[in-house]
Amino acid sequence: MMSNNLNAIPSCTLCPRDCRAIRTAFSGEGRCQMGARPVLARAALHFDEEPCISGTRGSGTMFFSGCPLGCVYCQNESISHGRFGKSVSVEELRGAMDNLIAQGAHNINLVTAGHFTPAILAALIPAPPVPMVWNSNGYEKVDTLKSLEGAVNVYLPDYKYDDEAGARIYSDAPDYPQTARAALREMRRQSGPVRLDADGIMVSGVIIRHLILPGRARESMRALDFIAGEMDGVWVSLMAQYLPCGTAKEMKPLDRRITKLEYDVVVNHLFKLGLTDGYVQERSSAEARYILPFDLTGV
């Protein structure tokens, strides 16, 4: 799966698309359209992640460009679809991590990084002195996740869909539910139960994020049912920050924010299931000011 030459991936099978694309240093075929060298859009302290991730000093968050999933409503559209960013070497990638650590980052938070796994693993030698957070859309290949064992401490995945229809319409990935479930099980196997340090910062474990989408309260409830039934020991972060972005602005019902009724129904179901370890985002978080600027800060 992984080439010894970090400047090329001759037949890429890193993500569930399994497209076997040829990826040279700076360009690639396949769904992500990325080369083998990492492309970064931002590397900066981030204070709006979950409290046990951001803490008081911030999470050293690194946003990678390109995305094999490609949701129509992505708030990071300029980098996931537009692929804006700067190509960096393994040494430059590690340098950006070390710079964030020097700024006091509680952890290094890798956002949508799976398609650059070989370069990231190379950059993590020697292991950084802070926890590594794998911040993912949940659409991950188990074999690729297994290669991260021992290098990643905390998993912060989405569980976007529990139904094939939504996954097909909004992410062109009808296999998302079964693929994400397998990925979540592997993440939990690797990291074990949630563990916090003396400052309340997460040093191991899994937090599953679920974003409530307009018109899909029932599907959100089913997603929570899966977590409650199979994901013992994980925390849940229920998110209400949805804003119409990208082509979703022209797609009903994604052309609006979630209603108070939708929010209340899903939140009440969360507590009914006893999913009390984690976080519930307020509806007021659905504001454009929370969308980060991708301007090559720290790259």
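What the table shows:
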{"item": "Extreme residue, nearest to Lys252 (Cα to Cα), among residues of the range 182-201 that are charged (D, E, K, R) and surrounded by fewer than 16 Cβ atoms within 10 Å (Cβ to Cβ)", "result": "Arg185"}
{"item": "The range 163-180, subset within 17 Å of the chain's Cα centre (by Cα) and touching a residue at least 24 places away in the same chain (Cβ under 8 Å), residue nearest to Tyr242 (Cα to Cα)", "result": "Tyr170"}
{"item": "Meets criteria (in contact with an Asp or Glu (Cβ under 8 Å, 6 or more places away or on another chain), surrounded by 15 or more Cβ atoms within 10 Å (Cβ to Cβ), at pLDDT 95 or above and closer than 30 Å to Pro38 by Cα) for Leu243", "result": "yes"}
{"item": "Every residue from the range 74-121 that is of a type outside the set (Asp, Glu) and more than 25 Å from Leu145 (Cβ to Cβ)", "result": "Ser78, Gly82, Phe84, Lys86, Gly95, Asn99, Ala102, Gln103, Gly104"}
{"item": "Any hit, the range 229-242, residues being within 28 Å of Gly150 (Cα to Cα) and part of a helix (DSSP H, G or I)", "result": "yes"}
{"item": "Flag for Leu238 being at pLDDT below 95 and touching a His at 6+ places or on another chain (Cβ under 8 Å)", "result": "no"}
{"item": "Of all residues in the range 151-168 being acidic (Asp, Glu) and out of contact with any Gly (no Cβ under 9 Å at 6 or more places or on another chain), the one that is surrounded by the most Cβ atoms within 10 Å (Cβ to Cβ)", "result": "Asp162"}
{"item": "Out of Ser171, Ser204, Ser237, Ser220, sole residue that is among the polar types (S, T, N, Q) and buried (at least 22 other Cβ atoms within 10 Å of the Cβ)", "result": "Ser220"}
{"item": "Flag if Leu270 is surrounded by 19 or more Cβ atoms within 10 Å (Cβ to Cβ), out of contact with any Asp or Glu (no Cβ under 8 Å at 6 or more places or on another chain) and not basic (Lys, Arg)", "result": "yes"}
{"item": "Leading residue by the ranking (farthest from His81 (Cα to Cα)) among those in the range 246-256 that are modelled with pLDDT of 95 or more and surrounded by 17 or more Cβ atoms within 10 Å (Cβ to Cβ)", "result": "Leu254"}
{"item": "Residue match in the range 277-296 (condition: without any contact (Cβ under 8 Å) to a residue 24 or more places away in the chain, closer than 26 Å to Arg57 by Cα, surrounded by fewer than 16 Cβ atoms within 10 Å (Cβ to Cβ) and of a type in the set (A, V, I, L, M))", "result": "no"}
{"item": "Any strands (runs of 3 or more DSSP E) falling wholly within the range 1-106 and containing at least 1 residues that are of a type in the set (Val, Ile, Thr), in contact with an Asp or Glu (Cβ under 7 Å, 6 or more places away or on another chain) and surrounded by fewer than 21 Cβ atoms within 10 Å (Cβ to Cβ)", "result": "21-23"}
{"item": "Candidates Arg218, Arg195, Arg168, Arg189, filtered to the one that is closer than 26 Å to Asp48 by Cβ, out of contact with any Asp or Glu (no Cβ under 8 Å at 6 or more places or on another chain) and not acidic (Asp, Glu)", "result": "Arg195"}
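The values are calculated or read from the model by the stated rules, or taken from the named source; none is laboratory data. Bear in mind the structure is a predicted one, so any value in this text is a computation, not a measurement. Cβ sites come from the backbone with ideal geometry, for glycine too, and all protein chains shown count toward neighbours.
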